[in-house]
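**Q** Sending over a structure as structure tokens; questions will come in a sec.
Nothing in this text is a laboratory measurement; each read-out follows from the coordinates by a stated rule. Since the model is a prediction, treat every value here as computed from it, not as a measurement. So basically every Cβ, Gly included, is an ideal-geometry build from the backbone, and we count neighbours across all protein chains shown.
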């Protein structure tokens, strides 16, 4: 049963713009995965997917096959002395934390949701608020096992070219069977944080340069609803692990849920309200230092199940770019101006500086500079036109877009942003493909 | 940090003495059983996992260790074929643990009614897996619990056992019979301190039901049913629906008169 593919007529990614038929297999054990992988071929390519938190189409393969790896979710070993964990690709970061935290360890880095599988974390070389201190996820991967559709399999370690193609390789170099990574020790499950408000986006850069010297975790919320002199006002938040406190992991239960698509007419109000609640909490925290459990600090939206439904039935796009240090000041200001003028952006955007750590993967998104991320409700032509305008600013600034967030970038944009993409092509498994890859490699 | 690797360093009997519960799971590789086993692992239980595929059991055992299980023993066997030796097997697994707190019977076989109608082999397999072999394991477990005067047997039945329907009456009759059997065991254990529970899940999103159209309010996840099994081991009556709303749904379905029911294709 678990080795057969079943048709799903309306499978979507997190952004929910594309709803297409896929044939999906749901293996639960390694031996099932090995057999399924060998049924894939260039004539009928497939793709392994995890919790499908990538927003666009890098995790979709319309009218083709998907291997849902979330059932392959066993921890193979965890060494409490060294913090090394080896686990099957379908283990979520959330599950891994349940084991790591009580033993005094944490993920080396984490994206803003813990509902990401280890396989997905590697395939997208995900980054987090501590990028300037820890690099992206791939920097802590010590080993992984890759299954190829020709029946071959190999264990890969840093230094092996196929390893560097697989980290950030969007699942195209083979099926990741398991991942071994080095966790980071934590003294408690709590963070000591502080918030600094800024009134102009220019000030963000000064604060970021200062705070990164003394804080492991940094990021900023930027208000995208104000224009003119208040353009780019925001709150810079920074934190370090607290030296005292217990090692209680997060609760796996969502506190709130969005049970249905928000209907279009209430959409904006609801969206604004949801984000305002985040903003409100930030305001409350603004006065002086605070202590917080890692869960609300690192995963503010994980408490609301299916928050993506707030954008309604047509779904939404996320736009995330990174600009190199030399062009980031001017580029970010111009991006924000364009977004605010369009009136289409989400009320809040995220700004974060990446450190100079060399990317581990050939297609890793993070590079030294400043990254900006925000959502756009899908208003079709109008939204696509705006994002094309933003593309020009990003390309002129020598920046690039994050494939995990993307569902529309043109091939030229991808190819100019990721100069190693042609080297990468040599490592692609011909039995694997995605909608994203077919678009950008053309 | 205690510096232990999760595996070997502690003495096995010492670990079992510290276990929160001593648990045997029959059919440990089903999605529901694995969900329940992870809850036990977090609690620090000692577990005996029984199913057919040894390599998969070993993978599951490593996972449960990492998640906090005090001890994990695996036994690869065909539970249907070994049902007549159930007593010896249960004794062999429970005596090193010094007893048994919870035993879960989770294995089963959905099969196909259409095939069962045409093939004696399929019909036998459905009945043997879900009823004949299962009651042997249940009776052997009941004997241990009766002697111990404590502990719980939890067997997975199904809402399909509440009314015979053209689409799956072989499976339904076997699972319904199992629930009756366990209800009888619960009666026989009354007053001893030991308990028996038949859990009746509704639609569950597991590999067993792949191919059906899923989703919507009547579908539960394997994790939800796993939690229900764990809870049933601690409290509740001898027949537990999971999720609980199925008790009402099935009461209504049982109440539909035949002349109406026969017009449906349920």
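**Q** Taking 0.36 nm per residue of sequence separation and subtracting the Cα-Cα distance, how much length would be gained by fully extending the chain between residue A:142 and residue A:382, in nm to one decimal?
**A** Extra length available between residue A:142 and residue A:382 comes to 82.0 nm.
**Q** Within region B:27-56, which residues have the backbone N less than 14 Å from the label spot 7 Å out from residue B:92 along Cα→beta-carbon, could you tell me?
**A** Inside the label zone: B:49-51.
**Q** In whole Å and largest first, what semi-axes does the C-alpha gyration tensor of the protein assembly as shown yield when each eigenvalue is scaled by 5 and square-rooted?
**A** For the protein assembly as shown, the ellipsoid semi-axes come out as 48, 28, 25 Å.
**Q** Another question, if that's okay. In a GNM of chain A with a 10 Å cut-off on Cα contacts, which of A:196, A:70, A:166 has the highest mean-square fluctuation?
**A** A:196
**Q** Just need the relative contact order of region B:12-261 here, percent rounded to a whole number, with Cα pairs under 8 Å and 6+ apart.
**A** 18
**Q** Could you check which residue among B:130, B:21, B:53 shows the biggest mean-square fluctuation in a GNM of chain B with a 10 Å Cα cutoff?
**A** B:53
**Q** Now for a separate question. What ranking do B:138, A:321, A:425 get, fewest neighbouring Cβ atoms within 10 angstrom at the top?
**A** A:425, B:138, A:321
**Q** Sort all Cα-Cα distances of region A:327-436 into consecutive 10 angstrom bins from zero, then give the percent of pairs in each bin up to the one containing the longest distance.
**A** All Cα pairs, binned at 10 Å, distribute as 12, 44, 32, 12, 1 percent.
**Q** A further question on this structure: Between region A:337-366 and region A:1-66, what is the C-alpha centre distance in whole Å?
**A** Cα centroid to Cα centroid, the span is 28 Å.
**Q** Still on this model: Can you tell me which of B:39, B:25, B:103 moves the most in a GNM of chain B? Springs connect C-alpha atoms under 10 Å apart.
**A** B:39
**Q** Before anything else, pin down the relative contact order of chain A: Cα pairs under 8 Å, at least 6 apart, normalised by residue count, whole percent.
**A** So the answer I get is 19 percent.
**Q** Any chance you could check the Cα centroid distance between region B:164-192 and region B:92-147 for me, in angstrom?
**A** 12
**Q** How many angstrom separate the Cα center of region A:95-128 from the Cα center of region A:152-211?
**A** 9
**Q** Using only the alpha carbons of region A:294-386, determine the length spanned along each of the three principal axes and report them from longest to shortest in whole angstroms.
**A** Principal extents (largest minus smallest coordinate, Cα): 39, 34, 24 Å.
**Q** While we're here: How big is the C-alpha Rg of region A:1-152 next to the rule-of-thumb value 2.2 N^0.38 Å, as a ratio?
**A** Taking N as the residue count of region A:1-152, the ratio is 1.08.
**Q** Taking the Cα atoms of region B:12-261 alone, what are Rg (to one decimal) and Dmax (as a whole number) in Å?
**A** Final numbers for Rg and Dmax: 17.6, 62 Å.
**Q** Starting from the 7 Å offset along Cα-to-Cβ, what nm value, one decimal, do you get for the label separation of residue A:290 and residue B:203?
**A** Roughly 4.2 nm, to one decimal.
**Q** What does the extension gain come out to for residue A:153 and residue A:77, with contour length at 0.36 nm per residue minus their alpha carbon separation? Show your work: numbers first, answer last.
**A** Numbers: separation 76, 0.36 × 76 = 27.36 nm, distance 2.02 nm.
Net length gain for the segment: 25.3 nm.
**Q** How far apart, in nanometres, would the label points at residue A:213 and residue A:18 be if each is projected 7 angstrom from Cα along the Cα-to-Cβ direction?
**A** For the pair residue A:213/residue A:18, the computed spacing is 4.6 nm.
**Q** Counting only DSSP beta bridges with both residues in chain B, what percent are antiparallel, rounded to the nearest 5?
**A** Details: 0 of 33 bridges.
So the antiparallel bridges in chain B amount to around 0 percent.
**Q** Another one. Between residue A:244 and residue A:10, what length in nm is gained on full extension when 0.36 nm per residue of separation is reduced by their alpha carbon distance?
**A** 79.5 nm
**Q** Taking every DSSP beta bridge with both residues inside the protein assembly as shown, roughly what % is antiparallel (nearest 5)?
**A** The answer is about 60 percent antiparallel.
**Q** So how tilted is helix B:245-255 from the main axis of chain B? Cα-based, degrees 0 to 90, rounded to 10.
**A** The angle comes out near 30 degrees.
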